[in-house]
Amino acid sequence: MTDLDARIDAALHEEERRLLEQIGDEPPFLDQALGLFRRRNAWVNWLMMISQTLLFVAGTYAAWRFFQAAEILDAVRWGLPSAVLLLMALIIKLSMWPEMQIRQLRLDIARLRGLSDDRT
């Protein structure tokens, strides 16, 4: 690497360091997750979490009955609903992750816009 390349690299590292200090740290995961329940549409997330919890409890009960079944027909009668209910609970839970990431991305974009406005 030439001297010019080393100076450019050092200048870039200095600029990156300054930008990262201005942006700040990313909030912890728990703060991001709990932030889903404090916004304008928090009622939707509360409704999803309540329905997810009910589906999980029902799926767990059906799974317990599945493992207690003595006959094949009873096992099928409890096993299939158990699998469906637990999968539905999982899908509802995982559907909240993208919303959390979108919220964080919007905050980061707003923060970067504020930084770019300060430079001009």
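When 91, 72, 8 are compared by accessible surface with a 1.4 Å probe, the order from highest to lowest is 72, 91, 8. By accessible area, using a 1.4 Å probe on protein heavy atoms only, segment 11-120 has 67% of its surface on carbon and sulfur.
Please compute the length gained on full extension between residue 21 and residue 42, using 0.36 nm multiplied by the number of residues separating them and subtracting their Cα-Cα distance.
Using 0.36 nm per residue and subtracting the Cα-Cα distance, I get 4.4 nm.
Computed from Cα atoms, the angle from the helix 42-68 axis to the main principal axis of the chain rounds to 40 degrees. The residues of the chain present an accessible area of 79 Å² per residue when probed at 1.4 Å with all protein chains retained. Taking the Cα centre of the chain as reference, the dipole from Cβ charges on Lys and Arg (+1) and Asp and Glu (-1) amounts to some 840 debye.
Using C-alpha pairs under 8 Å with a sequence gap of at least 6, the mean separation divided by the residue count of the chain gives a relative contact order of 25 percent.
Across segment 1-112, Cα-Cα distances exceeding 23 Å account for 57% of all pairs. To the nearest ten degrees, helix 72-94 and the longest principal axis of the Cα atoms of the chain are 20 degrees apart.
The values are calculated or read from the model by the stated rules, or taken from the named source; none is laboratory data. Just so it is clear, the model here is predicted, and its values are computed rather than measured. Neighbour counts are summed over all protein chains in view; Cβ atoms, including those assigned to glycine, are modelled from backbone coordinates with ideal geometry. With ligands, DNA and RNA removed, areas are computed over all heavy atoms of the protein, side chains included. Shrake-Rupley method; radii C 1.70, N 1.55, O 1.52, S 1.80 Å.
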